[in-house]
Amino acid sequence: MSETVSLIIPTQRRLSGLSVAARSVFAQQGVHPARLELVVVDNDQVPSAQATVEALATEAPFPVVYVHEPKAGVANARNAALARANGELIAFLDDDEEAPPNWLAGLLSTRATLAADVVFGPVRGRAPPEVTRHRVYLETFFSRLGPAETGLIEDYYGCGNSLLRRAALPDPHAPFSALRNHIGGEDDLLFGQMKARGARFAWAGEAYVWEDPVPSRLSLDYTIRRAFAYGQGPSAACAAATPPNYPGLAFWMAQGLVQAGVFGLLAAVKWLLRAPDFAFTLDRAARGLGKTLWWGPFKIEFYGRSAA
């Protein structure tokens, strides 16, 4: 029999998005249901998604497992799901994503053809019709672009829309670092460790998913803060290395300072001129500033908070 697959959806008080994501998983084609299970991990203090998951399970063509992980944090949630999952392969989908019917088959085909340990696919950001201001930028921000064609790759991406071979994980049941619960990047840390151990990464160009951000995220206030946090990633990684990579840290901080200065000035000019690509330039400035201001009081936490 072919390898079994556990599809994992972490969620926190997004019942509508969870329902869309789960039903898109139920509608997958080209993969026998006997190979599949869905694991939904509810990262809320109370089991707020349990009733929704139980109702969705009545529609499912394969088993649905509900996991309640009250300890806030995306790493905690992913680890809790993996501890309950039975699959030899693990596919991650976010609760604001929707997978087309051939999504999983595309990931599996690429993994088999290229003997990959991790396969990533594109993410296509999708804003509702009423969002008109900075629409192109916002949809691009929530998208994940990659190579033009399917094949092996050297770089790695985030967990949303990915397929992992469990046996290739450094810890098959709890591979995500709890140190990243508050700042995110737990997937980057894991994939970096796997790369150092010789893991093979692949890109499945046709295995895309749609991403529908919650309305509160479709604003420059959110995305620029998020861009700043993304910028902090390489500098923080150098500082957290054992031993710390001080030359790398100096390089990223210096690069960030130049990037923030050049694109910050350019963004100011474009704002005055009301240029349509102003948001893209401001985004680059924010990422540069994040590389320079990456420590202590400047760290922005997007994850690991209990839902109120």
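The values are calculated or read from the model by the stated rules, or taken from the named source; none is laboratory data. Predicted model only: the values in this text are computed from it and were never measured. Please note: Cβ atoms are built from the backbone with ideal geometry, for glycine as well, and neighbour counts cover all protein chains shown. We work out accessible area using only protein heavy atoms, side chains counted, and drop any ligands, DNA or RNA first. Shrake-Rupley method; radii C 1.70, N 1.55, O 1.52, S 1.80 Å.
Sum up the charges of everything whose Cβ sits under 15 Å from the Cβ of Q50, counting Lys and Arg as +1 and Asp and Glu as -1, but leave Q50 out. Combined, the nearby Lys, Arg, Asp and Glu give -2.
Expressed per residue, the C-alpha convex hull volume of region 154-308 stands at 161 Å³.
Size descriptors for region 245-305 (Cα atoms only): Rg and Dmax, in that order, 13.6, 41 Å. Here, the chain is characterised by an Rg to Rh ratio of 0.97, where Rg is the alpha-carbon radius of gyration and Rh the Kirkwood radius. With everything on Cα atoms, drop me the angle between helix 103-114 and the longest principal axis of the chain, reported from 0 to 90° to the nearest 10. The angle comes out at about 80 degrees. If every alpha-carbon in region 171-240 counts as one equal scatterer, what log10 I(q)/I(0) does Debye give at q = 0.25 1/Å? For region 171-240 at q = 0.25 Å⁻¹, log10 I(q)/I(0) is -1.17. Computed across region 112-176, the Kirkwood hydrodynamic radius from all distinct Cα-Cα pairs reaches 14.2 Å. Computed from Cα atoms, the angle from the helix 278-292 axis to the main principal axis of the chain rounds to 90 degrees.
Highest mobility in the GNM of the chain, judged by mean-square fluctuation with C-alpha springs under 10 Å and restricted to V123, V74, V262, is found for V262. Using bins of 10 Å that start at zero, the share of Cα-Cα pairs per bin across region 78-150 amounts to 14, 39, 31, 13, 2, in whole %. The convex hull of the Cα atoms of region 35-176, projected and averaged over all directions, covers 10.3 nm². Using bins of 5 Å that start at zero, the share of Cα-Cα pairs per bin across region 213-276 amounts to 4, 15, 16, 20, 16, 13, 9, 5, 1, 0, in whole %. Size of region 121-236: Rg and Dmax of its alpha carbons, in Å, are 15.7, 46. Within the listed set W103, W271, W203, the Gaussian network model of the chain (springs between alpha-carbon atoms below 10 Å) gives the highest mean-square fluctuation for W271. For the chain, the longest principal axis of the Cα atoms and the long axis of helix 246-273 meet at an angle of about 70 degrees. Within the chain, DSSP assigns beta bridges of which about 35% are antiparallel (rounded to the nearest 5).
Given the pairs K71/K299; K71/K195; K195/K291, which span a C-alpha to C-alpha distance of over 26 angstrom in this model? Beyond 26 Å: K71/K195.
Annotation: region 32-77 has a Kirkwood hydrodynamic radius of 11.3 angstrom, from the mean reciprocal C-alpha pair distance. As a length-normalised measure over Cα pairs under 8 Å and 6 or more apart, the relative contact order of the chain settles at 20 percent. Calculated from the alpha-carbon coordinates, region 5-89 shows an Rg and a Dmax of 12.1, 37 Å respectively. Accessible area ranking (1.4 Å probe, heavy atoms, ligands and nucleic acids excluded), largest first, for S177, S216: S216, S177.
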